[in-house]
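The values are calculated or read from the model by the stated rules, or taken from the named source; none is laboratory data. Please read all numbers here as calculations on a predicted model, not as lab measurements. Heads up, the Cβs are rebuilt from the backbone with ideal geometry, glycines too, and the neighbour counts pull from every protein chain shown. The protein model used for the area step is the full one, side chains on, heavy atoms only, and it has no ligands, DNA or RNA in it. Shrake-Rupley method; radii C 1.70, N 1.55, O 1.52, S 1.80 Å.
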Amino acid sequence: MANGDWRIGVLFSNSGVTAAAETAEANATRLAIEEINAAGGVRGRLISAVFYDPECSAKKYQELAVRLLSEDGIKIIFGCYMSSARKAVMPEIEAYRGMLFYPTFYEGFEYSTRCFYTGSSSNQNAVQLARYLIENYGTRFLLVGSNYVFPYEYNRVVMDLVMRAKGTILDELYVPVEPVRKDFNRVIKQIAKLKPDIVVSTVVGTGAVMLYEAYKEAGFDVATMPIASLTTTEAEVAEMAPDIAAGHLTSASFFETLDTPHARRFVSAYKQRFGADAPVTAGAEAAYFQVHLYAKALELAGTDEPEALAKHLAGLEFEAPQGRIRIDPDNHHTELWSRIGRVNDEGKFDIIWQSETRIRPDPYFVTASFDDWMSKPHQLKRKA
């Protein structure tokens, strides 16, 4: 690496339970760096990245963050997928006075002056999905998730929303983060017994594939009782046979099928670089645009000192593939768009609803109002 380069660290796993989703984020990070460097870099200096594989281990995430911040002398880190990894890394970011860019949707309820959150928080996709489900399928929910912080916190939000709608949470079940197939036997038995209107999944990675396969084998009718999820993205669907995922729902800020000029350009460049079958997820899109945001702030600041970058990142906007986004200066989260997709028979997402404007982040979930949902129920009516 040339001494004059802007040096960054990248922590995404290419092995382990969520490797498929994290690989997509790592690829998008590479693509953004290559684009910026091909255009001459920032202030005449290239961006060079040190990539490490934490193997989906929170402990290794922490150890590698320390290596980047101390031994490698890097101040800016892009990465983390599961909230357990982010929570392991953040104390080191704080201690070494660095900065983290975090691109994955998450539960909210966090703020750090040294972190910029470019994935969605609960009020930007979870609320919209819950409303859609209540208006189109019913109010009897069964929740299933992986046994770590994001599913517990997300399910707490869903419970609140369902209770406001005078609905019922029939059961709340958790499986190991690294499950085996038999871990889903109890889940399938409870679904068959309780017959919910909807199953909400926060099962991650390889576990999501096992859940959907077991669901299909059990013969449940996806037309009347689909699985709805934030954690089943193009990366997980790509690991399944198309008929396994067909009919199920996901809410995200971006789908690779989004038909806009910026989205098509991004997806085309991504697939040209990483392969026609490489899945492009919402996490990958956020990983991509956050590097461009960093480059814009770097251009303005003229230094990669985290405090200087933070000043220029606050309120910064960028024409991202999902639409124009903005960093909220009050909480370091990002104003994003909201969409709901249904998997079709080819294993691609058909976008069946999307917000008319971008949504301000409310990571502490203080302003969510069920009354606001029901005042305009037509906005989320089911699309055939």
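I244: of a type in the set (V, I, T), closer than 29 Å to E335 by Cα and touching a residue at least 24 places away in the same chain (Cβ under 8 Å), yes or no? Spelling it out, it is not the case that I244 is of a type in the set (V, I, T), closer than 29 Å to E335 by Cα and touching a residue at least 24 places away in the same chain (Cβ under 8 Å).
Within the stretch 135-178, no residue satisfies the criterion of being aromatic (F, W, Y) and touching a Lys or Arg at 6+ places or on another chain (Cβ under 6 Å).
For the stretch 152-161, the tally of residues that are β-branched (V, I, T) and either surrounded by fewer than 22 Cβ atoms within 10 Å (Cβ to Cβ) or more than 16 Å from N123 (Cβ to Cβ) (or both) stands at 1.
Determine which member of the set R186, R181, R164 is in contact (Cβ under 8 Å) with a residue 60 or more places away in the chain, surrounded by fewer than 19 Cβ atoms within 10 Å (Cβ to Cβ) and either in contact with a Leu (Cβ under 7 Å, 6 or more places away or on another chain) or farther than 18 Å from K87 by Cβ (or both).
The match here is R164.
On the basis of being assigned to a helix (DSSP H, G or I) and open to solvent by less than 30 Å² (accessible area, probe 1.4 Å), does Y106 make the cut? Against the criterion (assigned to a helix (DSSP H, G or I) and open to solvent by less than 30 Å² (accessible area, probe 1.4 Å)), Y106 does not qualify.
Filtering the stretch 293-306 down to residues that are acidic (D, E) and closer than 14 Å to G98 by Cα, which residue is surrounded by the most Cβ atoms within 10 Å (Cβ to Cβ)? Within the stretch 293-306, the match that is surrounded by the most Cβ atoms within 10 Å (Cβ to Cβ) is D304.
Evaluate the stretch 48-69: report whether one residue or more is over 30 Å from P176 (Cβ atoms), of a type in the set (D, E) and in contact (Cβ under 8 Å) with a residue 12 or more places away in the chain. Checked against the condition, which is being over 30 Å from P176 (Cβ atoms), of a type in the set (D, E) and in contact (Cβ under 8 Å) with a residue 12 or more places away in the chain, the stretch 48-69 yields no hits at all.
Yes/no per residue for (1) buried (at least 16 other Cβ atoms within 10 Å of the Cβ); (2) not basic (K, R):
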residue	(1), (2)
A308	no, yes
E317	no, yes
Q322	yes, yes
N331	yes, yes
E335	yes, yes
R339	yes, no
R342	yes, no
R358	yes, no
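Hey, which of the helices (runs of 4 or more DSSP H) in the stretch 137-239, taking only ones fully inside, have at least 3 residues that are at pLDDT 95 or above?
It comes to 185-194, 206-218, 234-237.
Listed here are the residues, each with its yes/no results for (1) open to solvent by 10 Å² or more (accessible area, probe 1.4 Å); (2) farther than 25 Å from T139 by Cβ; (3) in contact (Cβ under 8 Å) with a residue 24 or more places away in the chain; (4) hydroxyl-bearing (S, T, Y).
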{"position": "A223", "(1), (2), (3), (4)": "yes, no, yes, no"}
{"position": "T231", "(1), (2), (3), (4)": "no, no, yes, yes"}
{"position": "F255", "(1), (2), (3), (4)": "no, yes, yes, no"}
{"position": "G275", "(1), (2), (3), (4)": "yes, yes, no, no"}
{"position": "A284", "(1), (2), (3), (4)": "no, yes, yes, no"}
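Any residue that is more than 30 Å from A310 (Cβ to Cβ) and hydroxyl-bearing (S, T, Y) - is there at least one of those in the stretch 133-144? Within the stretch 133-144, one or more residues are more than 30 Å from A310 (Cβ to Cβ) and hydroxyl-bearing (S, T, Y). When Y132, Y96 are checked against the criterion of being farther than 22 Å from T23 by Cβ, open to solvent by less than 10 Å² (accessible area, probe 1.4 Å) and either in contact (Cβ under 8 Å) with a residue 12 or more places away in the chain or among the acidic types (D, E) (or both), a single residue qualifies: Y132.
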